[in-house]
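Heads up: the structure comes next, in structure tokens.
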Number of protein chains: 2
Amino acid sequence: MTTNKARGSTHLQIDQQICHSLYSAANALVRTYRPLLEPLDLTYPQYLVMLCLWQQDQVSVKALSQQTRLDSGTLTPILKRLEGKTLIERKRSRTDERQRVIHLSKKGRELRTQAESIPGAMTCLVDMSAEQARELKHLAELLYAGLPEHTHRT
Amino acid sequence: MTTNKARGSTHLQIDQQICHSLYSAANALVRTYRPLLEPLDLTYPQYLVMLCLWQQDQVSVKALSQQTRLDSGTLTPILKRLEGKTLIERKRSRTDERQRVIHLSKKGRELRTQAESIPGAMTCLVDMSAEQARELKHLAELLYAGLPEHTHRT
DNA sequence: CACAATTAGTTTGCGCACAATGTAATATCA
DNA sequence: TGATATTACATTGTGCGCAAACTAATTGTG
């Protein structure tokens, strides 16, 4: 049984912070993605958006926002950059002038081929068993879903 | 047994990305910290630095960098902001003029009291068992340590 | 001792992440 | 139908996160 030092609460120790572990692991993972994404000229968040579009084209910003879990203030500049690289176009919806309809260009659709190798390459770089990775993903999802901003469904 | 659609590789599906789960969970956690840290006028990374200093005062930027896992290019502006709030001072080392010695001011030391309630408050906001949280932290650490940038000890 | 290599930290530039505010289009309702 | 509320995005401002380039001090090495 470890007794606390008189100094104060053990809870304020940085190595006890789940958030710090998650925070630095996520940052490190994105750093690991960087060299793999560089040939595609994509950042990780841009890659996330492309993943969504490769899965389902012609979607609204809101739909992208829900799938990527990035808010519109973050997405808008990302989408503009992707448009600048002529990977996507941002048309207005005919039926609802407020909405944008994001859709892939030919170049954007073709980029998918180059991206196919990335998940495999990442798996090699991440030194974890498939089961550990699954469990980690599962727990991260659980944490995410359990946070007040999500449980707060009025 | 689920058969892949002719459409292409399943690996490019966003909901299969461990990184995305980690990424959004970490961001969401930091958002959850925000209202708790606001009374202390600290951002999450600033809080991380303060945690380190409360644990051990009078340290170099390099030491802080290792403990917070933030690089010096990130730390320098953070430290300047903390100095701007008069929570810390950034003196130069006598024995090695290259080094900074970061140390808490009286105000910085006193802020610790206000911070004591934060870990407990976060635990309440995170809807996970202590064991799940421990496991999540453990797996995140495992992932972090297993990435090439760390295993690459020449 | 001179001089190259290393180390500690800073600066610069870019791209998020996000709260807050704004704007325009649509939906709701009196 | 006309006022009001809501919705979908865009904009602004601040603070990271980090690669790359830079500065200055220290440590080798010949």
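Relative to its residue count, the protein assembly as shown spans a Cα convex hull of 202 Å³ per residue. Normalised size of the range A:43-106, defined as Cα radius of gyration per 2.2 N^0.38 Å with N residues, equals 0.99. Give me the net charge for the shell around B:T86: Cβ to Cβ below 10 angstrom, other residues only, Lys and Arg +1, Asp and Glu -1. Combined, the nearby Lys, Arg, Asp and Glu give +1. Using only side-chain charges placed at the Cβ, +1 for Lys and Arg and -1 for Asp and Glu, the dipole size of the range B:1-136 relative to its Cα centre rounds to 580 debye.
Taking one quarter of the surface of the C-alpha convex hull of the range B:103-152 gives a mean projected area of 5.7 nm². Computed from the alpha carbon atoms alone, the convex hull of the range A:18-149 holds 130 Å³ per residue.
Remark on B:V59: its backbone amide H falls under 5 Å from those of B:I102, a criterion applied only to residues 5 or more positions apart or on other chains, H modelled at 1.01 Å from N.
The listed peptides A:35-43, B:25-33, ordered by packing as a protection proxy, come out as B:25-33, A:35-43 (highest mean of other Cβ atoms within 10 Å first).
Taking the helices alone, chain A has a mean residue ellipticity at 222 nm of -18500 deg cm²/dmol, built from -39,500 (n - 2.57) per DSSP H run of at least 4 residues and averaged over all its residues.
Taken per residue, the accessible surface of the protein assembly as shown reaches 57 Å², heavy atoms only and a 1.4 Å probe. Placing a label point 7 Å from the Cα of A:R98 along the Cα-to-Cβ direction, the distances to the matching points in the other copies come to 5.7 nm, shortest first.
The mean number of Cβ atoms from other chains found within 10 Å of a Cβ in peptide A:30-41 is 1, as a whole number. Buried between A and B is an accessible area of approximately 5800 Å², summed over both sides with a 1.4 Å probe.
Working note: Karplus 6.51/-1.76/1.60 with θ = phi - 60° gives the range B:19-31 the couplings 4, 5, 4, 5, 4, 6, 5, 5, 4, 5, 4, 5, 4 Hz, where Gly and Pro are set to x. Closest approach of a chain A beta carbon to the axis mapping chain A onto chain B (residue, whole Å): A:A26, 2.
Here the calculated FRET efficiency for A:T10 and B:K85, from their Cβ-Cβ distance with R0 = 35 Å, stands at 0.85, rounded to the nearest 0.05. From most to least packed by mean Cβ count within 10 Å, the peptides A:89-95, B:87-93 give B:87-93, A:89-95. 3J(HN,Hα) along the range A:95-102: 7, 9, 4, 6, 7, 9, 10, 8 Hz, from the Karplus curve 6.51 cos²θ - 1.76 cosθ + 1.60 with θ = phi - 60°, whole Hz, x for Gly and Pro. Inter-chain Cβ neighbour count for B:50-59, averaged per residue, equals 2 (cutoff 10 Å, partner chain atoms only).
Take B:R134, push a point 7 Å out from Cα through the beta-carbon direction, and compare it with the same point in every other copy: 2.4 nm, smallest first. Counting only other chain Cβ atoms within 10 Å of each residue's Cβ, the peptide B:130-141 averages 6.
The values are calculated or read from the model by the stated rules, or taken from the named source; none is laboratory data. Note that the structure is a prediction, hence the values are computed from the model and not measured. Cβ: placed from backbone, ideal geometry, glycine included. Neighbour counts: every protein chain shown. These area figures cover heavy atoms from the full protein model, side chains too; ligands, DNA and RNA do not enter into them. Shrake-Rupley method; radii C 1.70, N 1.55, O 1.52, S 1.80 Å.
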